[in-house]
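Peer 1: To start, I am sharing the structure in question, which I have written as structure tokens.
The values are calculated or read from the model by the stated rules, or taken from the named source; none is laboratory data. Here the structure is a predicted model, which means the values were calculated and not measured. No Cβ is skipped: glycine too gets one built from the backbone with ideal geometry, and neighbour counts run over all protein chains shown. Note: areas computed on protein heavy atoms with side chains; ligands, DNA, RNA excluded. Shrake-Rupley method; radii C 1.70, N 1.55, O 1.52, S 1.80 Å.
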Amino acid sequence: MSSLSEQLSSFKKKVANQPVYAKPQVHTSTSPAPSVRSNTRNESASAGSSPGLTLKKRRSKANLVYSQPADSGVGTHYLSQLHYAVEYLKERNDPKTAEEIASYLSTPLTPMLLKLLKKNERIYYDERTETFAFKPLHNIRSAPGLLAYLDSQKTHTGMSIKELRDGWPNVVAELEELEKQGEVLLLRTRKDGIPRMVWRNDKSSNCVIDKEFQNVWHEIPIPPTLDLASELGKYGLKPTSVDPSTIKRPVASAAQKQKKPKTRRGKVTNTHLNILRDYSSMKQ
């Protein structure tokens, strides 16, 4: 026991003689804490007042994709300049040089923009004169050109005024003047009366109808709309506004339905063949 007590006393002395090290203190600023708390309180208050705003903010943050590069707008810039250049050439009927296009755009033509202009399918580039011109769907830009084109057609096919306006901006005004002169025929919209199609007026087909025939034509009574289909059916005519399957066809009479009796044919023999011989006597 004495040895144990001696060991315990020596251990206590060693512990007491060990040097004491001070614990390092970390200095932290206490100012952010209230700001964070205030922010959380404000967010909670705003969330309580308008929960939709916080949901939108969270969704917008979640939809952000940081792996994609930012849009510099260079491609859109080239396409915009190309569009303005095409519209500029479309409004002018004469070819334009690169300097004139650059003056209109208020910017110098870069090599990339020049390449896009030369390869555009709606622009014709003349290498000899180094000019650009708009290429419309139809190379018709005046009234004489339209009449010549319509006369050259083998069939009386109409033309869309929308396609003519592509290279002829004031086409409607000149077509109305040609209509007054009796040179063309116009098809207009029912609501606004805007011309949509144009045909050549073939004056060789014009004929004078006698007044007597006109009076006879107008004296023919027209049945009401509801009775028009039945009246046409009486004369064997089929109205276009009625479904053919709904038209009642005349029923055949009972005498017509009777079938003709079938005639029985006699037994077919080969007596008409004279080359055959009778070998029945040789039968055993």
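Peer 1: Does THR225 meet the test of being of a type in the set (Ser, Thr, Tyr), open to solvent by 70 Å² or more (accessible area, probe 1.4 Å) and not assigned by the TED database to the domain that holds LEU89?
Peer 2: yes
Yes/no per residue for (1) open to solvent by less than 90 Å² (accessible area, probe 1.4 Å); (2) touching a His at 6+ places or on another chain (Cβ under 6 Å); (3) at positive phi; (4) in contact (Cβ under 8 Å) with a residue 40 or more places away in the chain:
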| site | (1), (2), (3), (4) |
| --- | --- |
| ALA173 | yes, no, no, no |
| LEU178 | yes, no, no, no |
| LEU186 | yes, no, no, no |
| ASP192 | no, no, no, no |
| VAL198 | yes, no, no, yes |
| ASN201 | yes, no, no, no |
| ASP210 | no, no, no, no |
| TRP217 | no, no, no, no |
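Peer 1: When you go through LEU164, LEU178, LEU150 one by one, which is the residue that is closer than 22 Å to ASN93 by Cβ, more than 32 Å from the chain's Cα centre (by Cα) and aliphatic (A, V, I, L, M)?
Peer 2: Answer to the selection: LEU178.
Peer 1: For ASP126, state whether it is surrounded by fewer than 11 Cβ atoms within 10 Å (Cβ to Cβ), assigned by the TED database to the domain that holds TRP168 and among the acidic types (Asp, Glu).
Peer 2: Answer is no for this residue.
Peer 1: Also, quick follow-up: List the pairs whose first member sits in the stretch 223-236 and is without any contact (Cβ under 8 Å) to a residue 40 or more places away in the chain and in a helix (DSSP H, G or I), whose second member is open to solvent by 50 Å² or more (accessible area, probe 1.4 Å) and aliphatic (A, V, I, L, M), and whose Cβ atoms are under 8 Å apart, counting only residues at least 6 apart or on separate chains?
Peer 2: What qualifies is LEU228/ILE222; GLY233/ILE247.
Peer 1: Going through ALA98, ALA173, ALA148 one at a time, which residue ends up being of a type in the set (A, V, I, L, M, F, W, C) and under 15 Å from TRP199 (Cα atoms)?
Peer 2: Every option except ALA148 fails the conditions.
Peer 1: Moving on. Here's a check for you: in the stretch 62-92, which residue that is hydroxyl-bearing (Ser, Thr, Tyr) and more than 14 Å from SER103 (Cα to Cα) is modelled with the lowest pLDDT?
Peer 2: Among those residues, the one meeting the criterion is SER72.
Peer 1: Also: Please work out which residue is nearest to the chain's Cα centre (by Cα), limiting yourself to the stretch 104-115 and to residues that are open to solvent by 90 Å² or more (accessible area, probe 1.4 Å) and free of Cβ contacts under 8 Å to residues at least 12 places away in the same chain.
Peer 2: My answer is LYS115.
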